Structure formats: C-alpha cells, structure tokens
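Take a look at the structure below.
The values are calculated or read from the model by the stated rules, or taken from the named source; none is laboratory data. The shown structure was predicted, so the numbers you read here are calculated from the model rather than taken from an experiment. When we count neighbours, we look across all protein chains shown, and the Cβ atoms used for this are built from the backbone with ideal geometry, even at glycine. The accessibility values were calculated without ligands, DNA or RNA, using every heavy atom of the protein model including side chains. Shrake-Rupley method; radii C 1.70, N 1.55, O 1.52, S 1.80 Å.
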Amino acid sequence: MDVARTFSVPPTVVGITDNATYSNVDGESRALVVRCLAPMARRVEQAMNVALLTAEGRKRYFVEHDLAGLMRGDMKARYEAYRIGREWGWLSPNDIRAWENLKGIEGGEEYLSPLNMEERQIADLLGQKTPSMARHYSRSANLADRNRITMETLELENERRSQVVKPISKIVKPGEA
C-alpha cells in the first residue's frame, strides 16, 4: 500500500481489493490515468520533444501521448454522452466516429440544431412574423411558470395513479349474515 501511495497508484491496480466495488474501481482507474500516468507521460513527451525534434521542428510538430482512450469510461456512458452532444448540436456523426476510431461517413459533418434553439422556428410555432416578436411574446407569456405548473400537475396525477388501491374486505363473524 505504501509503494502504491508513493507512485500515486490506486490500491486496486496493484491487487489490493479489500474495499473494492465496481464504482470505486472505475473511479480508481480514472485516478490512475490522471494522477499517475498523465504526469509521467508529460515528462516523457517533453524529453522526446527536446531529444527528437530540432528547434525548427518543434515549431510545427510535437510528441503527445493520447490518454483519452483510457478516460473514455464504459460503453453505455460514452454513448449517452455522444447522444447528448449530438442532440444538442455540438457533435457531428464524424466527431463521434473519430473518437471511436472509426472512419468518417459521407454527410457526417452535419451538426443538428435543436428546434427549441431556432428563433425562426419558435416564431413560426407562436404564429409571429419575426423572431423578435416571438421573443417578446414568449417573455410575456411567462412560459417558465406555465411549464412548472404543468409539471406539478403531471407529477400529482402520476402520484395519484401510482397509489395502490386495496379493496375493503368486510370481516363477517360466524353467526352474522
């Protein structure tokens, strides 16, 4: 344990699994990369840049370890992050494919633009001629309060429907009828 601590290596990496669970092993794997491997990789990169590249070469090139693959997490978490990035418009299909070491696809540079972010579409939905009119009317409509009230109503209805209804059983004593 002391040797692992000296080199910033998590206990599970050296086989000490006394208090190991799936979630803390996953966290410790990330800690290994951030606290142990990344600092070593930086030192090696710096040494290689000096030893292998000329002063002129260092202006155009550099040596770098790509540790992103070690930080990717499990497949479900990655795909969920990709889905969110894609739906909100900051990732294209080819961005995602590149992170998964896949070739780009034709038309894969397209970024989505969520409908709720397009002022012209909001104006059309609200029946306004210009986006500025839509902004004005949506502010005066107090949509946040309306959404909150709608959500509260739905939550109450959901709670009401999820209550278990128990039938009332009448206990009949012998001799009563």
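Short-range pairs are left out: with C-alpha atoms under 8 Å and at least six residues apart, the relative contact order of region 1-118 is 16 percent. For region 12-19, backbone phi angles converted through the Karplus equation (6.51, -1.76, 1.60; θ = phi - 60°) give residue-by-residue couplings of 5, 5, 9, x, 8, 10, 4, 10 Hz, Gly and Pro being listed as x.
Computed from the alpha carbon atoms alone, the convex hull of region 1-107 holds 149 Å³ per residue. Our coupling estimate for region 46-55, obtained by passing each phi through the Karplus curve with A = 6.51, B = -1.76, C = 1.60 and θ = phi - 60°, is 4, 5, 5, 4, 6, 6, 9, 10, 6, 4 Hz, Gly and Pro reported as x. Once all protein chains are placed together, E64 keeps about 130 Å² accessible to a 1.4 angstrom probe.
Site pair A4 and E28 shows an inter-label distance of 0.4 nm when each label is modelled 7 Å from Cα along Cα→Cβ. Computed from label points 7 Å out along Cα-Cβ, the spacing between R43 and K76 is 3.8 nm.
Scalar couplings 3J(HN,Hα) for region 56-71, obtained by applying the Karplus form with A = 6.51, B = -1.76, C = 1.60 to θ = phi - 60°, are 5, x, 5, 6, 10, 10, 7, 9, 8, 8, 9, 9, 4, x, 6, 9 Hz; x denotes Gly and Pro.
If you place +1 on the Cβ of every Lys and Arg and -1 on the Cβ of every Asp and Glu, how big does the dipole about the Cα centre of region 1-71 come out, in debye to the nearest 20?
Using only the charged Cβ atoms, the result is roughly 360 debye.
So if R0 is 41 Å, what FRET efficiency would R35 and S113 give, r being the distance between their Cβ atoms, rounded to the nearest 0.05? According to the calculation, E is roughly 0.55.
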